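S.K.: After the structure tokens below, expect a handful of questions from me.
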Amino acid sequence: MQAEIFAAMRQSILDGTADQAGDLARKALEQGIAPLDAIDQGFVPGMNQVGEMYAQHKMFLPDMLASAEAMKAAMIVLEPELKRQGGERPTAGTVVLGTAKGDIHEIGKTLVGTLLTAHGFQVHDLGVDVTGERFAAKAREVGADIVGVSALLTTTMGGQRSVIEVLSREGLRPKVKVIVGGAPVTRRWAEEIGADGYGKDALSAVTLVKSLVQK
Ligand code: B1M
């Protein structure tokens, strides 16, 4: 039963049918499927397949865009439920989040923000294509504990390093921990650029942020 709906979710992403993806997300919630399971087992495998097909020239940019719209339609349904399940909690810490300069991929970053919010963190999401200076200004303004920088392109991973450099230059680095993530990012890269941690996926980003805030 669940396998069937997960397969339909994957297909809705491949087809880029936003209405269908939204309907399936609603249906999953009605059936008591956990929103994170719907994302991880239904919609994200579809996105991964889209990425593979794009790389093999079996799909093109407009198709990838339609798939992203379908993913967003599903997230619009699932995000409020994810947040609701977190419930009212005292603030666990303040996080400034965004996607690196030059990069407009937002879905994974937004998911990280949603889960952090659900776990009681106050999240300031700066969106996409964010410069180091903007990260630093917001971190200073809100007294951030954590700055999180997402990058989906090998060409924009350098933006993560730049954020760390700007935070250091502006004297904020001792107060602010930096975490990085995104499909091409590895633990080794995080170490190389002097980040405090690397989140493989949204849930491990939450675990990481919790442990860094406790330190
Ligand atoms: Co683009 N794209 N894209 N794209 N896109 C990739 C990333 C790519 C791998 C596809 C491929 O070729 N196989 C490839 C990058 C290749 C590379 O650099 N090595 C690529 C390319 C090439 C491009 C363009 C350059 C294409 C072009 O124009 N010719 C262009 C770049 C635009 C730009 O940014 N300047 C481009 C554009 C787009 C769209 C606009 C069409 C669309 C994005 C729409 C949007 O976000 N609103 C898009 C999409 C959808 C993808 C794929 C198919 C899916 C990304 C996604 O949303 N995944 C992607 C292929 C892939 O990744 N498999 C691809 C689902 C999401 C839940 O996962 O984002 O990985 P992800 O996030 C995960 C983890 O990575 C982690 O947690 C999340 C949840 O588990 N995570 C963090 C993410 N951020 C984190 C931060 C953290 C911690 C964990 O702490 C701070």
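Every number in this text was worked out from the coordinates using simple rules, so none of it is lab data. Keep in mind it's a predicted model, so treat the numbers as computed, not measured. Neighbour counts are summed over all protein chains in view; Cβ atoms, including those assigned to glycine, are modelled from backbone coordinates with ideal geometry.
S.K.: Can you give me the Kirkwood hydrodynamic radius for the chain, using every pair of distinct Cα atoms, in Å to one decimal?
M.R.: 17.6
S.K.: Using 7 Å Cα-to-Cβ label points, what is the K200/Q11 separation (nm, one decimal)?
M.R.: 3.1
S.K.: Here's a follow-up. When the dipole is taken about the Cα centre of the stretch 2-84, and only Lys, Arg (+1) and Asp, Glu (-1) are charged at their Cβ, what size is it in debye, to the nearest 20?
M.R.: In total the dipole reaches around 120 debye.
S.K.: Taking +1 at the Cβ of each Lys and Arg and -1 at the Cβ of each Asp and Glu, which of P35, V77, A202 sits farthest along the dipole of the chain towards its positive end, judged by Cα position relative to the Cα centre?
M.R.: Selected residue: A202.
S.K.: Can you sort I39, I5, I164 by how many other beta carbons sit within 10 Å, fewest first?
M.R.: Final ranking by Cβ density, sparse to dense: I5, I164, I39.
S.K.: Once you have a ≥ b ≥ c as the square roots of the Cα gyration tensor eigenvalues for the stretch 94-214, tell me rounded if a/c is under 1.5, and otherwise prolate or oblate according to whether a/b is larger than b/c. Walk me through the intermediate numbers first.
M.R.: Working: a/c = 1.22, a/b = 1.02, b/c = 1.20.
Rounded.
S.K.: Taking each pair of distinct Cα atoms in the stretch 166-215 once, what is the resulting Kirkwood hydrodynamic radius in Å?
M.R.: By the Kirkwood definition, the hydrodynamic radius is 11.4 Å.
S.K.: Please give the calculated 222 nm ellipticity per residue for the chain, where each DSSP H segment of at least 4 residues contributes -39500 (n - 2.57) and the sum is spread over every residue; nearest 500 deg cm²/dmol?
M.R.: Working: 9 runs with 120 residues, N = 215.
For the chain, the value works out to -18000 deg cm²/dmol.
S.K.: Return the Rg/Rh ratio of the stretch 2-84 with Cα-based radii and a Kirkwood Rh.
M.R.: Details: Rg = 12.0 Å, Rh = 12.3 Å.
Rg divided by Rh gives 0.98.
S.K.: For the chain, what is the charge dipole size about the Cα centre, in debye to the nearest 20, if Lys and Arg each add +1 at the Cβ and Asp and Glu each add -1 at the Cβ?
M.R.: 800
S.K.: So which lysines pass the test for K101, namely a Cα distance under 16 Å, with those fewer than 8 places away in the same chain ruled out?
M.R.: Here the lysines satisfying the reach criterion relative to K101 are K109, K138.
S.K.: Taking amide hydrogens as modeled 1.01 Å from N in the peptide plane, which residues meet the under 5 Å criterion relative to G127, leaving out close sequence neighbours?
M.R.: T99
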